Amino acid sequence: MITRFLRLRRLAAILCLSLSIIIPAFGSAGRQSSKAPDTAALRARAEKLHREAIVVDTHNDVTSPMVDDGFDLGMRGDDPAGKIKTHTDLRRMKAGGLDAEFFAVYVGADFINKKAAEGGGAARRALDMIDAVYEQVERHPETLEMAYTVADIRRISKKGKIAALMGIEGGHAIENSLRALRMFYRLGIRYMTLTHSNTNDWADSSGDITNPNVRHHNGLTDFGREVVREMNRLGMMIDISHVSDKTFYDVIEASSAPVIASHSSARALSAHPRNMDDDMLKAVAKNGGVVMVNFFDVFLDQRKFEFEKRSNAQKESLEKQFPGDARRVEEELNKWRAANAPAKTPLSVLIDHFEHIIKVAGIDHVGIGSDFDGVPFTGLPEGMEDISKLPNITIELMKRGYSDADIKKVLGENLLRVMSGVERVASDMQRGDSKQPGAKK
């Protein structure tokens with residue numbers, strides 16, 4: 001009896017040992033197999049939502065290689081053998097699920113004093129870039145169509161095409177003329193960044209606000225306020241990316257319509273003066289406007305911002321060390337940067353900016369302003385290397401628990417709401433019905 005009992009105990013022990021090996025293995029396999037479909041299902045749901053949404057990007061500088069290098073959007077900007085490298089082309093715009101693109105009519109400060117013999121001044125540069133956008137639409141009518149209103153964007157999106165819009169970057173492009181501003185609106189310009197990195201004759205920029213050699217205005221001049229009112233009357237969105245903090249608050253006070261930041265991020269996460277602090281984010285929310293997040297890692301990642309400051313200081317030191325030898329300065333600076341550059345910015349940092357703006361300003365006041373082709377190829381976060389990667393924003397927001405309706409707001413509906421508001425204010429002002437402060441009668 002005892003012997004039989006011992007045999008049964010031994011058999012039970014063997015059975016338990018076997019089960020202790022088999023069950024965890026089975027359980028682990030079960031978790032893995034259940035996780036894989038969950039991940040795949042989330043990605044599939046995110047991609048479906050991304051295709052259903054109207055995806056709007058408010059700032060893309062691919063217009064510069066169009067004009068300067070002859071780049072055509074039908075070309076492959078990521079062709080390893082290609083001479084022109086870009087973040088943007090039609091193939092990748094479609095892969096990114098893009099519905100509407102604001103092509104940046106970027107006018108650098110160096111065009112302010114150029115003469116006709118040198119290729120023309122600021123307004124001429126803007127006209128060249130506007131013509132390049134129309135030329136692309138004419139070349140690719142199966143994919144692109146010009147848009148001027150929110151209704152146009154929705155209609156074109158339903159057709160499966162990409163709506164092409166334009167925004168001037170650098171208010172000096174109007175050459176201090178409200179007539180020129182009106183003509184640009186007639187040509188299709190639907191927003192204007194009041195300054196670029198340079199202070200102009202009527203608005204201060206964040207780019208040179210600490211430079212004692214630049215004549216500043218303490219924000220907007222009287223003519224600057226006229227520009228704001230005329231943009232309200234026309235139905236042109238006022239873009240406060242690049243402006244100084246004082247200019248920003250002057251615009252908020254002067255504008256009868258919601259404003260946009262076409263490509264700015266959160267200063268709380270990266271202390272770059274181009275970014276917006278929390279009080280500014282709250283002011284945009286109160287105004288009813290929207291902040292479109294910039295993808296440049298210097299505006300996203302405090303490490304990169306600090307590195308750029310150190311890099312600028314290193315360049316100044318090298319210029320003193322090798323006076324008049326720009327080539328040697330560049331070579332030495334490139335070596336220094338390669339040895340000291342921080343690791344690449346993760347995608348999560350970009351999403352942190354969306355989330356910070358949502359927490360401070362609200363879900364109705366954030367959108368996408370990529371700055372593709374306006375930043376270096378090394379200056380974009382992991383997972384956002386070009387315009388085809390836009391669906392990753394939807395996936396990451398979904399992972400963080402945002403609803404489908406809220407994600408659609410971020411992808412484009414917030415911008416469309418603001419643009420509709422600007423259109424309504426313009427309609428009221430043109431009828432002479434606007435009672436809002438600062439409205440032009």
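The values are calculated or read from the model by the stated rules, or taken from the named source; none is laboratory data. On a predicted model such as this, the values are computed, not experimentally measured, just so you know. Ideal geometry is used to build each Cβ from the backbone, glycine not excepted, and the neighbour counts take in all protein chains shown.
Looking at Met93, Met146, which is the one that is more than 19 Å from Arg186 (Cα to Cα) and assigned by TED's automatic domain parsing to the domain that holds Leu415? Steps first, answer last, please.
On the way: Met146 fails: more than 19 Å from Arg186 (Cα to Cα).
Residue meeting the stated conditions: Met93.
On the basis of being among the basic types (Lys, Arg), at pLDDT 95 or above and over 22 Å from the mean Cα position of the chain (by Cα), does Arg431 make the cut? If you could, list the steps in order and put the result at the bottom.
Details: among the basic types (Lys, Arg): yes; at pLDDT 95 or above: no; over 22 Å from the mean Cα position of the chain (by Cα): yes.
Considered against the rule, which asks whether it is among the basic types (Lys, Arg), at pLDDT 95 or above and over 22 Å from the mean Cα position of the chain (by Cα), Arg431 comes out as no.
For the stretch 90-113, indicate whether the set of residues that are closer than 30 Å to Val366 by Cα and of a type in the set (S, T, N, Q) is non-empty.
No, the stretch 90-113 contains no residue that is closer than 30 Å to Val366 by Cα and of a type in the set (S, T, N, Q).
Yes or no, residue by residue, for (1) of a type in the set (A, V, I, L, M); (2) over 20 Å from the mean Cα position of the chain (by Cα):
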residue: Ala164; (1), (2): yes, no
residue: Leu187; (1), (2): yes, yes
residue: Thr195; (1), (2): no, no
residue: Ile209; (1), (2): yes, yes
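Residues that are touching a helix residue (DSSP H, G or I) at 6+ places or on another chain (Cβ under 9 Å), surrounded by fewer than 22 Cβ atoms within 10 Å (Cβ to Cβ), at pLDDT 95 or above and closer than 17 Å to Leu42 by Cβ are absent from the stretch 371-380 altogether. With respect to being touching a residue at least 24 places away in the same chain (Cβ under 8 Å), closer than 18 Å to Val425 by Cβ, part of a loop (DSSP other than H, G, I, E, B) and of a type outside the set (Val, Ile, Thr), Ser256 fits the description.
Residue under question is Ser317, and the condition is that it be over 27 Å from Ala268 (Cβ atoms), hydroxyl-bearing (Ser, Thr, Tyr) and outside the structural domain of Asn275 (by TED's automatic domain parsing); does it hold? Judged against the criteria, Ser317 is a match. Scanning the stretch 398-425 for residues that are over 16 Å from Ile357 (Cα atoms) and β-branched (Val, Ile, Thr) returns Val418, Val422, Val425. Can Ser264 be described as out of contact with any Lys or Arg (no Cβ under 7 Å at 6 or more places or on another chain) and outside any helix (DSSP H, G or I)? Spelling it out, it is not the case that Ser264 is out of contact with any Lys or Arg (no Cβ under 7 Å at 6 or more places or on another chain) and outside any helix (DSSP H, G or I). Condition (residue is part of a loop (DSSP other than H, G, I, E, B), touching an Asp or Glu at 6+ places or on another chain (Cβ under 6 Å) and either charged (D, E, K, R) or in the same structural domain as Val284 (by TED's automatic domain parsing) (or both)) applied to the stretch 221-237: is it met by at least one residue? Looking through the stretch 221-237, at least one residue is part of a loop (DSSP other than H, G, I, E, B), touching an Asp or Glu at 6+ places or on another chain (Cβ under 6 Å) and either charged (D, E, K, R) or in the same structural domain as Val284 (by TED's automatic domain parsing) (or both). For the subset of the stretch 56-106 comprising residues that are assigned to a loop (DSSP other than H, G, I, E, B) and hydroxyl-bearing (Ser, Thr, Tyr), which member is surrounded by the most Cβ atoms within 10 Å (Cβ to Cβ)? By that ranking, first place goes to Thr88.
Condition first: under 22 Å from Ser265 (Cα atoms) and assigned to a loop (DSSP other than H, G, I, E, B). Now tell me which residues in the stretch 204-220 satisfy that. Passing the criteria: Asp204, Ser206, Gly207, Asp208, Ile209, Thr210, Gly219. If you go through the stretch 142-185 and keep only what is of a type in the set (Asp, Glu) and over 16 Å from Ala104 (Cβ atoms), you end up with Glu142, Glu145, Asp152, Glu175.
Does Val150 satisfy the condition of being farther than 22 Å from Val227 by Cβ and among the β-branched types (Val, Ile, Thr)? Judged against the criteria, Val150 is a match.
Checked against the criterion of being in contact with a Phe, Trp or Tyr (Cβ under 7 Å, 6 or more places away or on another chain) and either of a type in the set (Asp, Glu) or within 23 Å of Asp364 (Cα to Cα) (or both), the candidates Val227, Val243, Val293, Val251 yield just one match: Val293.
For the stretch 157-211, a tally of residues being charged (D, E, K, R) and in contact with a strand residue (DSSP E or B) (Cβ under 6 Å, 6 or more places away or on another chain) returns 3. So, Asp325, is that one surrounded by 13 or more Cβ atoms within 10 Å (Cβ to Cβ) and more than 27 Å from Tyr106 (Cα to Cα) or not? Judged against the criteria, Asp325 is a match.
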